[in-house]
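Enquirer: Okay, here's the structure, questions in a sec.
The values are calculated or read from the model by the stated rules, or taken from the named source; none is laboratory data. Since we're looking at a predicted model, the values are computed, not measured. Cβ sites come from the backbone with ideal geometry, for glycine too, and all protein chains shown count toward neighbours.
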């Protein structure tokens, strides 16, 4: 089990992005907006889309007028940096983003993505290019015979973690998601320094909680309103008894902070961005103890 506490993205850390921030026209104090009209508000560390709640909306600042405006989401450029992995940044053919965290990082997590390939590059001001890896996002899960290899539909990874970057500080990290002839999507782009917690044991559980609404009428016909979902997991970890205090000291401050939990290397389904609902450590033996984490992902 690895933890990645993501670096908090701010304007100063975004070096470049090929996603234009032109979702809607910028809000203007002298413009009258109709019901359901949308605007963007961009300022220092502010990149929001708002929707008008009333007709004749004139002179009401979206940031301070909740009776007149409702916040919809971050702008397309900044959706990948918010706390929702369901809302995705998108761009035709490629998403090319460079950031410069002001801390040491050795991991990049890309969540709820749709692309053919991902290229990750790390460049240091002194040492130059220190990491450059391209990965084809075709999943080999379920490919266990030649028929499946040649004839089963290609399934792509939707979550991807690269945790082998050299732990440089103040290096520039560039991520390029490519979908030639289509649109690339990214629901979450996070970087941080990984921390080993313990060995995940067999019996781990992963799943989802769906918020879709399914109603049935008197004749048995279903109406389905598709909504967001969140990932859930329960991990049983084995750890040395000598690190029990350290594990508690690491996890206690994270009880209300969303981070990335990577349950088992090679199982992308165990990558969850969210909180732990329940934490229990059993000091079982003089040298070996166990830890159970129940994790609830963000939508």
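Enquirer: Filter the range 117-142 down to the residues that are in contact (Cβ under 8 Å) with a residue 60 or more places away in the chain and either buried (at least 18 other Cβ atoms within 10 Å of the Cβ) or within 22 Å of residue 196 (Cα to Cα) (or both) and list them by number.
Expert: Answer for the range 117-142, where residues must be in contact (Cβ under 8 Å) with a residue 60 or more places away in the chain and either buried (at least 18 other Cβ atoms within 10 Å of the Cβ) or within 22 Å of residue 196 (Cα to Cα) (or both): just 118.
Enquirer: Tally time: how many residues in the range 74-99 are touching a helix residue (DSSP H, G or I) at 6+ places or on another chain (Cβ under 9 Å) and surrounded by 18 or more Cβ atoms within 10 Å (Cβ to Cβ)?
Expert: Residues meeting the conditions: 8.
Enquirer: Applying the selection to the range 1-50, what residues are more than 30 Å from residue 162 (Cα to Cα) and part of a strand (DSSP E or B)?
Expert: Across the range 1-50, the qualifying residues are 26, 32, 33, 38, 39, 40, 41, 42, 43, 49, 50.
Enquirer: In addition: When you scan the range 231-250, do you find a residue that is exposed (fewer than 10 other Cβ atoms within 10 Å of the Cβ), at pLDDT below 95 and not in a strand (DSSP E or B), even just one?
Expert: No, the range 231-250 has no match at all.
Enquirer: Exactly one of these conditions fails for residue 219: (1) outside any loop (DSSP other than H, G, I, E, B); (2) in the same structural domain as residue 273 (by TED's automatic domain parsing); (3) out of contact with any helix residue (DSSP H, G or I) (no Cβ under 9 Å at 6 or more places or on another chain). Give me its number.
Expert: (1)
Yes or no, residue by residue, for (1) out of contact with any helix residue (DSSP H, G or I) (no Cβ under 9 Å at 6 or more places or on another chain); (2) within 24 Å of residue 113 (Cα to Cα):
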residue	(1), (2)
148	yes, yes
155	yes, yes
161	no, yes
168	yes, no
173	yes, yes
176	yes, yes
180	yes, yes
196	yes, no
201	yes, no
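Enquirer: Return yes or no: is residue 288 surrounded by 10 or more Cβ atoms within 10 Å (Cβ to Cβ), over 17 Å from the mean Cα position of the chain (by Cα) and touching a residue at least 40 places away in the same chain (Cβ under 8 Å)?
Expert: So residue 288 passes the test.
Enquirer: What about residue 202, is it without any contact (Cβ under 8 Å) to a residue 12 or more places away in the chain and assigned to a loop (DSSP other than H, G, I, E, B)?
Expert: So residue 202 fits the description; yes.
Enquirer: What are the residues in the range 222-236 that are touching a residue at least 60 places away in the same chain (Cβ under 8 Å) and either assigned by TED's automatic domain parsing to the domain that holds residue 122 or over 17 Å from the mean Cα position of the chain (by Cα) (or both), if any? Give the derivation first.
Expert: Of the range 222-236, the ones touching a residue at least 60 places away in the same chain (Cβ under 8 Å) are 228-235.
Passing the criteria: 234, 235.
Enquirer: For the subset of the range 25-73 comprising residues that are exposed (fewer than 13 other Cβ atoms within 10 Å of the Cβ) and touching a helix residue (DSSP H, G or I) at 6+ places or on another chain (Cβ under 7 Å), which member is farthest from residue 85 (Cα to Cα)?
Expert: This residue is 44.
Enquirer: Further, regarding this structure: Restricting to the range 253-282, name every residue that is surrounded by fewer than 17 Cβ atoms within 10 Å (Cβ to Cβ) and either in a strand (DSSP E or B) or modelled with pLDDT of 95 or more (or both).
Expert: Passing the criteria: 277, 278, 279, 280, 282.
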